[in-house]
């Protein structure tokens with residue numbers, strides 16, 4: 001039995017020529033919260049899996065309820081949204097991140113951002129006594 005010898009050759013490939021794509025990092029207010037991968041169907045689904053509360057209705061891009069500000073990064077729409085969007089907005093229900101993305105949401109989600117914007121109650125300092133009054 002004779003065996004022929006084969007010579008293996010390799011061609012160096014630079015990192016930039018590699019045939020893989022880095023999974024986008026999704027951040028909220030600059031804090032990384034998830035690595036978007038192929039198991040996620042949409043950005044909304046990925047956020048929900050990480051327990052980020054974001055209001056949504058149609059989940060198809062036509063109601064606009066999940067409209068979110070994008071601080072940096074880009075998205076690709078898997079369904080064409082039917083609502084008008086500003087250049088710095090996205091609909092997480094029908095898009096996926098094209099690159100690392102930072103959304104203007106808190107780690108707890110849209111509900112916290114809305115609550116933080118509401119005015120705080122004003123306390124009248126004259127009605128507060130440092131010593132308790134004892135009825136007599």
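Within region 41-49, can one find any residue that is loosely packed, with under 13 Cβ neighbours inside 10 Å, part of a loop (DSSP other than H, G, I, E, B) and in contact with a strand residue (DSSP E or B) (Cβ under 7 Å, 6 or more places away or on another chain)?
No.
Using beta carbons and a limit of 7 Å, which pairs, at least six apart or on different chains, have the first residue in region 72-90 and touching a residue at least 60 places away in the same chain (Cβ under 8 Å) and the second one surrounded by fewer than 11 Cβ atoms within 10 Å (Cβ to Cβ) and part of a loop (DSSP other than H, G, I, E, B)?
none
Run down 74, 79, 120 and say which single residue is over 12 Å from residue 28 (Cβ atoms), in contact with a helix residue (DSSP H, G or I) (Cβ under 7 Å, 6 or more places away or on another chain) and either surrounded by fewer than 14 Cβ atoms within 10 Å (Cβ to Cβ) or modelled with pLDDT under 95 (or both). Before the answer, list the steps.
Details: 74 fails: in contact with a helix residue (DSSP H, G or I) (Cβ under 7 Å, 6 or more places away or on another chain); 120 fails: in contact with a helix residue (DSSP H, G or I) (Cβ under 7 Å, 6 or more places away or on another chain).
The unique qualifying residue is 79.
Taking region 92-112 only, how many residues are in a helix (DSSP H, G or I) and modelled with pLDDT under 75? Walk me through it before giving the result.
Step one: filter region 92-112 for residues in a helix (DSSP H, G or I), giving 92-94, 110-112.
Filter again for modelled with pLDDT under 75, leaving 110-112.
Qualifying residue count, region 92-112: 3.
Quick one: how many residues across region 26-40 are part of a loop (DSSP other than H, G, I, E, B) and touching a strand residue (DSSP E or B) at 6+ places or on another chain (Cβ under 8 Å)? Before you say what the answer is, go through the steps one by one.
First, pick out the residues of region 26-40 that are part of a loop (DSSP other than H, G, I, E, B): 29-30, 36-40.
Restricting the remaining residues to those that are touching a strand residue (DSSP E or B) at 6+ places or on another chain (Cβ under 8 Å) gives 29-30, 36, 40.
Number of matching residues: 4.
Out of (1) at pLDDT below 95; (2) farther than 17 Å from residue 30 by Cα; (3) under 11 Å from the mean Cα position of the chain (by Cα), what's the single condition that is false for residue 115?
That leaves (3) as the condition not met.
The values are calculated or read from the model by the stated rules, or taken from the named source; none is laboratory data. It should be emphasised that the depicted structure is a prediction, and the values quoted were computed from it without experimental measurement. Backbone-built Cβ (ideal geometry, glycine too); neighbour counts: all protein chains shown.
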